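Chemist: Just dropping this structure here.
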Amino acid sequence: MSQKEGKERIQHGDAPATPAEDLGELWQTLDVLPEAEHPEDLLATTIEMVAVDAGHRRTGKTSRFAQVGGDLWQWFAPAIAVGVSIVVGYFIGQATLETPQPQQEPVDWRARRQEILKNTLQEAIQNDPAGAKKFLEKQLRDTRDTQGRPRGLQQKNTVVPRAGELNVSKPRNARPYSSDGPGKKEQLRGKQSEPLTEPDDQPREQ
Amino acid sequence: MYRAAMATVSDPSTLLMLRVRDGDAEAFEQLVALWQPRLVTLFMNHVGDHSTAEDLAQEVFLRVYRARHRYEPKAKFTTWVHTIANNIASDLRQRAYRRKEWGVVANPSASGNMVGLDQMAVAASGLLPTRQLDQVELQGVVQQAIAGLNDRQRMVVLLAKFEHCSYEEIAEAMKLSVSAVKSLLFRAREQLREALKPYLAEKGES
């Protein structure tokens, strides 16, 4: 039978019912194929191997997933421990240390300083009003330049004359300015103000 | 359908496997004793190496035991075991392909092997024209011829010859259609016939 005939027979479904019939004369020839020898201990070895495997699987040692998980856990466990320690340490530190509030403290200080200053001034005015006023004027003069600007600003913008030098920014006959009243505004505009009319005001000695 | 199911359950191996599923260790031992020699023979003719065949047979029982809880007697235990055996043989083939460790027996090229068989048979008959191949030589020739088949053809022939499987059982075990199995067996027969032509001619003459 040719190969083509065989294929056609298979396709038409009229092939022999069993492989033995299909193999024909080759079937008996295959009888010479050897049968394996069976060592007596093979059965015991197999049973033991299966038992060991079952034991390992029960403990999860032979599972691939468990192996991979074990390998990962070997690395992740210390990492997780370190991470947890860091987080716990952070929170313990937050709970035990009282860190100053950076915005709240200056506000407290400022209020307290103003309160002290206010009390001091009130006390000074009650005890010696004229002296207190004089003191305050002197303080104000010290903190402002001749044109009424803060002294720090003047130092930045103008050249401060040394001792004995001519101060070109200040007229020779410039009069001292008052801290309040219309004279201050005029002095800020560069005009000379009228002499102070209040009894306690004295012209500054040149 | 019901009759087929009853026939399946009445199969001795299936009954043993049902006991194994329920945790009967003695049944598993009986099952191994019943099936291991058959599987070793099957694998030995498949891979051509006895120790490898024993290892593969043990692997079959490992898988059987691992899968015991999932076993359902829908088909005969025979078919189930043959499916596992075929899977193991496929795994072996894939591993060997990856490692490129095919041996002479396991990986003969079809044409190359045919030439070798021809030469072997012709040489034997040429040196001693009147001599018939003795059993050992014939066994070697047939083993070489079987080794010359591809893996699926070889498995079909071996399941048919040693396990007396029908086309349907082979198809189920190898997850192929019946026509595919017939086609495989047909090609295997043609190749075996070609490889064993000198011997068959001598046998015909005698």
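Chemist: Want the number for residue A:56 to residue A:123: 0.36 nm per residue separation, take away the alpha-carbon distance, what's left?
Modeler: On the way: separation 67, 0.36 × 67 = 24.12 nm, distance 9.19 nm.
Fully extending the segment from residue A:56 to residue A:123 adds 14.9 nm.
Chemist: Considering every residue in A:42-49, what mean count of other chain Cβ atoms within 10 Å of its Cβ is obtained? Could you put the intermediate results ahead of the total?
Modeler: On the way: counts 8, 6, 2, 2, 13, 8, 0, 6.
Mean shielding by partner chains, rounded to a whole number: 6.
Chemist: Under the rule of at least 5 residues apart or a separate chain, name every residue whose amide H is placed under 5 Å from the amide H of residue A:144.
Modeler: A:151
Chemist: Can you put A:18, B:79, A:96, A:143 in order of Cβ neighbours within 10 angstrom, beginning with the fewest? Please list the in-between numbers first.
Modeler: Numbers: A:18 14, B:79 21, A:96 7, A:143 10.
Ordered by Cβ neighbours within 10 Å, fewest first: A:96, A:143, A:18, B:79.
Chemist: Sorted from largest to smallest, which semi-axis lengths in Å does the alpha carbon gyration tensor of the stretch B:2-99 give for its equivalent ellipsoid, taking the root of 5 times each eigenvalue? Intermediate values should be presented prior to the final figure.
Modeler: On the way: eigenvalues 131, 38, 30 Å².
The three semi-axes for the stretch B:2-99 are 26, 14, 12 Å.
Chemist: Per-residue mean of other chain beta-carbon atoms within 10 angstrom of the beta-carbon, peptide B:149-157? Intermediate results must be reported in sequence, preceding the final value.
Modeler: Values: counts 0, 0, 0, 0, 0, 0, 0, 1, 6.
For peptide B:149-157, the averaged partner shielding equals 1.
Chemist: Quick one: B:134, A:128, fewest Cβ neighbours within 10 Å first, how do they rank?
Modeler: Numbers: B:134 9, A:128 12.
Fewest-to-most ranking of B:134, A:128: B:134, A:128.
Chemist: All other residues with a Cβ under 12 Å from the Cβ of residue A:38 taken together, and with Lys, Arg as +1 and Asp, Glu as -1, what is their net charge? List each step's numbers first, then the result.
Modeler: Numbers: positive: B:38; negative: A:35, A:37, A:40, A:41, B:54.
Every neighbour counted, the sum reads -4.
Chemist: Which whole number gives the average count of other chain Cβ atoms within 10 Å of the Cβ atoms across peptide B:177-190? Walk me through the numbers before you get to the answer.
Modeler: Details: counts 0, 3, 4, 1, 1, 10, 5, 0, 6, 9, 3, 4, 9, 5.
Partner-chain Cβ atoms within 10 Å, mean over residues of B:177-190: 4.
Laboratory data are not the source of any read-out in this text; all were calculated from the coordinates shown. What you see is a predicted model, and the numbers here were worked out from it, not measured in a lab. Because the Cβ atoms are built from the backbone with ideal geometry, glycine has one as well, and the counts that use them run over all protein chains shown.
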